[in-house]
Amino acid sequence: MPFADKQPILDELTRLENLHKANPVDRRRQFTRVAVRGDAELHPIDRMRFKRRPIEIALRGIGQTGVDFLSKQPLDPNSTWRCCFLRQGHVIGEQAMIVRRCNPVGNGNLFLVGSQFIIDTGLILILGIDPALLAQGDKPGPDSFLPPGEVA
């Protein structure tokens, strides 16, 4: 785990997992979520929110459409991040994502974050699609389309 004191994080993950098993919402999910324990770090996609250090997170669950995790700091809903999955301190993969929910858990010093995977706008452009076309039916949000040159 990326956190210095791992036991409180593991205890909270176990507590949440036990709640998760009893949750009837899981039976209505379109895609299965799988419990996962692992390290990852978040890097902001919006360069206006650039921070020198990545945000360390502890993975909780992953599915085809998103990932749930614990963070020591709250994340704004609709904020976009590049999630770098780690194994033994090395990045083994990454995925762009948007935060959908962020709720305090435990003693309020941890946050359970739910996110949805998003396609990288640079990849859309390489495929010959104007990313602005994909956003025409979307509801306006606090963040607008980022040009591919601004997606780090």
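No value in this document is a laboratory result; all are computed from the given coordinates. Just so it is clear, the structure is predicted and the values come from calculations on it, not from any experiment. Note that we place each Cβ from the backbone using ideal geometry, even for glycine, and neighbour counts take in every protein chain shown.
Full extension of the chain between T32 and D11 yields a length gain of 5.2 nm, computed as 0.36 nm times the residue separation minus the alpha carbon distance. Label separation (Q64 vs H43): 2.9 nm, computed from points 7 Å beyond Cα along the C-beta direction. The simple spin-label model puts a point 7 Å past each Cα toward its Cβ; for I118 and R87 those points are separated by 2.8 nm. Taking amide hydrogens as placed 1.01 Å from N in the peptide plane, the amide H of T65 sits under 5 Å from that of no residue at least 5 positions away in sequence or on another chain. In this simple spin-label model, placing a label point 7 Å from the Cα along the Cα-to-Cβ direction at both D130 and R101 gives a separation of 3.7 nm.
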